[in-house]
């Protein structure tokens, strides 16, 4: 008689479809809708001439893109549910890359700090 494998902690047979640290289907749908809304805002921003001409256009698109990237990585790639070491190995270089891009934007004049003191 073949024995069914059992979980040593609970004594029950393991459920092949149960992952305690993974989001439900409803979570995927909600995240997909959020990503869709952010994408709609990005596309809308491109077609508003006043926003395109404003200094905040590029930074706002970069922020929205970064938010979408972080959502996809944390939920769809399960980084949120992985070990902290994996999260640190991913987030650390991401922060360095983001700061490098911001620095390059300042350097090449695509981004500037507008102070009320300077005329």
Flagged in the stretch 65-79 as modelled with pLDDT under 80 and in contact with a helix residue (DSSP H, G or I) (Cβ under 7 Å, 6 or more places away or on another chain), in numbering order, are 79
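A quick yes/no check of all residues on (1) surrounded by fewer than 10 Cβ atoms within 10 Å (Cβ to Cβ); (2) under 26 Å from residue 97 (Cβ atoms); (3) at pLDDT below 85:
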site: 19; (1), (2), (3): no, no, yes
site: 26; (1), (2), (3): yes, no, no
site: 60; (1), (2), (3): no, yes, no
site: 63; (1), (2), (3): no, yes, no
site: 81; (1), (2), (3): no, yes, yes
Considering the stretch 28-58, residues that are closer than 27 Å to residue 100 by Cα and in contact (Cβ under 8 Å) with a residue 24 or more places away in the chain, and then whichever is farthest from the chain's Cα centre (by Cα), we arrive at 55
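The values are calculated or read from the model by the stated rules, or taken from the named source; none is laboratory data. In this text, all values refer to a predicted model and were calculated from it rather than measured experimentally. Cβ coordinates were reconstructed from backbone atoms using ideal geometry, including for glycine residues, and neighbour counts include every protein chain displayed.
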